[in-house]
Amino acid sequence: QGKTFTARLLGLFAALDPFVKLDVFDAAGKPDWRKFALVADSCAFGLVPTRDGLPPEILLNTLEGIKDDTQDRYNRLSRMPTTVCPEGKLTRRIARDPDYGMPVRLLLLDEFQEWFDLGDISKEIAALLVFIVKVAPGAGVILVDATQKPSGIGGGGNVGNMFTAFRDNHQVRFSLRTSSYNVSEAVLGQGAYGEGLDSSTLLPQYKGVGILRGATDASPTVRTHLADGDDAEKILTAARLMRERAGTLSGMAA
């Protein structure tokens with residue numbers, strides 16, 4: 001309960017940094033995300049055709065671009081002196097220097113389970129998502145993914161296995177109130193219930209409260225801020241202006 005508001009908070013935070021490149025996809029097509037078109041390098045809302053094309057194809061093109069960008073970044077980072085890039089991974093200094101052309105990227109997917117259940121195109125999307133979640137973080141690609149169906153899709157098979165691989169390679173998990181301990185375990189990861197972490201016990205009257213696992217050695221119960229639709233529009237309007245001034249507005253937003 002509240003996953004879209006929570007995921008959107010992280011997107012709004014990133015939008016206010018003009019050096020973060022955003023890609024935003026909401027398979028449900030809810031109004032919550034549509035104002036991100038003001039700043040997103042690529043975006044699509046829902047699954048039906050739009051004037052920009054078919055959302056699954058837009059996502060596929062975006063993922064292919066992120067994979068190519070990730071491989072290019074690692075190639076360039078590996079050639080840099082250790083005084084600039086000591087560990088072969090993207091640093092804050094490199095990300096914020098436009099001469100390198102390697103800004104932090106945020107890929108935001110709401111209702112991500114839908115992208116795994118679209119037939120043939122899902123095979124390509126699933127393979128790319130697994131690559132990105134496993135390989136791309138060191139190159140400065142952050143994934144924020146929300147789902148109300150964490151237990152998987154279909155009856156197994158290759159795409160179903162890739163769904164599980166994608167889900168299980170998220171290092172930081174956040175579970176708001178769930179209907180049962182099984183769902184809580186699927187969100188928070190294997191062993192969470194044995195550690196006493198069960199989001200089904202969260203009280204319904206406390207909105208935006210969830211269990212955070214993986215961000216620190218502790219797994220605290222935390223409360224998120226509330227930013228409604230009006231707040232989001234104000235923030236994204238300001239974020240667009242900041243990007244215009246910084247010269248970082250790109251892609252579909254530009």
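A few remarks follow.
- Search result, residues across the range 199-218 that are open to solvent by 30 Å² or more (accessible area, probe 1.4 Å) and outside any strand (DSSP E or B): S200, T201, L203, P204, Q205, Y206, K207, G214, A215, T216, D217, A218
- Looking across the range 10-47, the residues that are of a type in the set (D, E, K, R) and either in a loop (DSSP other than H, G, I, E, B) or farther than 18 Å from F112 by Cα (or both) come down to D17, K21, K30, K35, D41.
- A single entry from G46, G11, G2 fulfils the requirement of being out of contact with any Phe, Trp or Tyr (no Cβ under 9 Å at 6 or more places or on another chain), closer than 23 Å to R173 by Cβ and of a type in the set (G, A, S): G2.
- Filter result (among the hydrophobic types (A, V, I, L, M, F, W, C), open to solvent by 50 Å² or more (accessible area, probe 1.4 Å) and closer than 22 Å to V135 by Cβ) within the range 163-198: V172
- Among residues of the range 56-93, those that are assigned to a helix (DSSP H, G or I), of a type in the set (A, V, I, L, M) and without any contact (Cβ under 8 Å) to a residue 40 or more places away in the chain, counted: 1
- Filtering the range 242-254 to residues that are loosely packed, with under 13 Cβ neighbours inside 10 Å and either in a helix (DSSP H, G or I) or touching a helix residue (DSSP H, G or I) at 6+ places or on another chain (Cβ under 6 Å) (or both) leaves R245, A246.
- Hey, L143 part of a strand (DSSP E or B), under 26 Å from L59 (Cα atoms) and in contact with a Pro (Cβ under 9 Å, 6 or more places away or on another chain) or not: yes
- Among the residues of the range 22-55, those that are open to solvent by less than 20 Å² (accessible area, probe 1.4 Å) and touching a residue at least 40 places away in the same chain (Cβ under 8 Å) comprise L22, D23, V24, F25, D26, A27, W33, F36, V39, A40, S42, C43.
- Residues of the range 68-82 satisfying the condition of being under 21 Å from the mean Cα position of the chain (by Cα) and of a type in the set (S, T, Y): T70, Y74
The values are calculated or read from the model by the stated rules, or taken from the named source; none is laboratory data. Quick caveat: nothing in here was measured; it's all calculated off a predicted structure. No Cβ is skipped: glycine too gets one built from the backbone with ideal geometry, and neighbour counts run over all protein chains shown. Areas reflect the complete protein model, heavy atoms only, side chains present, ligands, DNA and RNA absent. Shrake-Rupley method; radii C 1.70, N 1.55, O 1.52, S 1.80 Å.
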